[in-house]
Ligand code: NAP
Ligand code: HSE
């Protein structure tokens, strides 16, 4: 029996963790589509590298490795890119837009590096290019920033935007699991990228922060502008000290627009254990946004994994289908209408946790304090642990200091024979200027 509804066909590029999830979720919601979008919505082709391989729930006959066939099929009006990486994803998306097909993608690597080129192409061809799943997995954050918060001057976006590293740090903190075991578990759960280096070295979070900052501050930030440090050097000892000082270790992304200068970074950070972000565990993500009208708003949810990410992709797919039905595609394109400069990174001010392995003899504390003092690094707290095997551990938490001053002090530490090793340098959370909670 033929349906009275128009059929909108989409092609899925990629049938891995997210692609497989999207296919299954659309199948589950299929009967509701006519009520939601006054049309039927189907995935008619699925592009993969290996079409011979069985994919749970996806009929074998719609699997293909023929991109040209999808591109030339006039019935396919939406392309859902879930392959990941830069190429061939960039070329396929540009070709799809040129052919008048709308695009949904979860590809943060691509959007962070080539966002402007892709958004411009979408605008030129009056097409939708939606990428809600690129940041925060299932959490709605792109559309809220572009639409619901459009009346604000946003000055800060901060949060936990990588599920893999948050999962690893949670398991290390709560179960004493070691790094490698926690990473393996995150990979099994489908949170990690194809190459997990981009998760654990902070690159994935850096790309997401570039996307968020571009949208929040209306000024293009690319991955190259982001100061990035991952969690590979974090040890069980650092986590233990964080607990002793009343902190929890998290990988945080911070983007600030201070008086028209932007700074965007991703760093392991010690945050007070009472802070709401300290309670965001496992693969959950959370993003704080500060706007002049809304004040503080927080978005929280599952930041990675099959179904949470499929949820965001499906939301985009339905939004595109609705726009198609109402003839208003390409309505919200690139929102970067400013060209703000990045703040020089040496000038940014932070508090730091320093863990030094030092010789166990008199005068060490005075020597360390002297170097810090001479370089304008003022000490907030210090503890020394009893010596084992002739070496002691000295832990210092500084006040807010300029990064370049700390760098100078660290160079001198490196030349002092009494300091065997600067084992850790980790940022300690400090509030926005003007707040006095810390
Ligand atoms: P994945 O499990 O590695 O799946 C990738 C899929 O793309 C596979 O089916 C693969 O085909 C196909 N593919 C890759 N390169 C291809 C090519 N050149 N031609 C045709 N097919 C190709 O990846 P994923 O975890 O689903 O991630 C997909 C995208 O979503 C990435 O951009 C990722 O960053 C993003 N994302 C992932 C998550 C998450 O939690 N996993 C969350 C948010 C966003 P074969 O199966 O034949 O190899
Ligand atoms: N690898 C990413 C993460 C997937 O762990 O957050 C979600 O973007």
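Since every read-out is calculated from the coordinates, none of them should be taken as a lab result. Because the structure is a prediction, the values reported are computed rather than measured. As a convention, Cβ positions derive from the backbone with ideal geometry for all residues, glycine included, and neighbour counts pool all protein chains shown.
Numbers at a glance
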{"read-out": "Shape parameters for the stretch 223-264, alpha-carbon atoms, Rg then Dmax in Å", "value": "14.1, 39"}
{"read-out": "Translational diffusion coefficient (Stokes-Einstein; Kirkwood radius from C-alpha pairs) of the stretch 14-145 at 10 °C, 1.306 mPa s, in µm²/s", "value": "102 µm²/s"}
{"read-out": "Geometric extent, Cα atoms of the stretch 121-192 - Rg, Dmax (angstrom)", "value": "17.3, 53"}
{"read-out": "Helix-only mean residue ellipticity at 222 nm for the chain, each DSSP H run of n ≥ 4 adding -39500 (n - 2.57), per residue, nearest 500", "value": "-10000 deg cm²/dmol"}
{"read-out": "Angle in degrees between helix 203-217 and the longest Cα principal axis of the chain, rounded to the nearest 10", "value": "80 degrees"}
{"read-out": "Of every Cα-Cα pair in the stretch 347-428, the percent that sits beyond 22 Å", "value": "16 percent"}
{"read-out": "Debye log10 I(q)/I(0) for the stretch 61-117, one point scatterer per Cα, at q = 0.20 Å⁻¹", "value": "-0.72"}
{"read-out": "Rough spin-label spacing in nm, given labels placed 7 Å along Cα→Cβ, for residue 383 and residue 87", "value": "5.2 nm"}
{"read-out": "Which of 101, 302 has the fewest Cβ neighbours within 10 Å, and the rest in rising order", "value": "302, 101"}
{"read-out": "By average C-beta atoms within 10 angstrom, highest first, the peptides 184-192, 238-246, 53-61", "value": "184-192, 238-246, 53-61"}
{"read-out": "For the stretch 51-123 and the stretch 141-208, distance of Cα centres in Å", "value": "24 Å"}
{"read-out": "Convex hull (Cα only) mean projected area of the chain, reported in nm² to one decimal", "value": "23.1 nm²"}
{"read-out": "On Cα atoms only, tilt of 89-98 relative to the major axis of the chain in degrees", "value": "40 degrees"}
{"read-out": "Pairs of Cα atoms farther than 18 Å apart, the stretch 184-261, %", "value": "54 percent"}
{"read-out": "Pairwise FRET efficiency - residue 49 versus residue 417, Cβ, R0 = 51 Å, nearest 0.05", "value": "0.40"}
{"read-out": "Zero-based 5 Å bins, Cα pair distances in the stretch 245-293, whole percents", "value": "5, 16, 24, 24, 15, 11, 4, 0"}
{"read-out": "Theoretical FRET efficiency, 1/(1+(r/R0)^6), r = Cβ-Cβ of residue 295 and residue 342, R0 25 Å, to 0.05", "value": "0.45"}
{"read-out": "Three-way shape call for the stretch 315-358 based on the alpha-carbon gyration tensor, with the a/c threshold at 1.5", "value": "oblate"}
{"read-out": "Surface/4 of the Cα convex hull for the stretch 142-302, nm²", "value": "9.3 nm²"}
{"read-out": "Computed over the stretch 237-336, Kirkwood Rh from alpha-carbon pairs, angstrom", "value": "16.9 Å"}
{"read-out": "Relative packing of peptides 419-428, 39-48 - highest average C-beta neighbours within 10 Å first", "value": "39-48, 419-428"}
{"read-out": "Rounded tilt (10° steps) of 403-415 against the dominant C-alpha axis of the chain", "value": "50 degrees"}
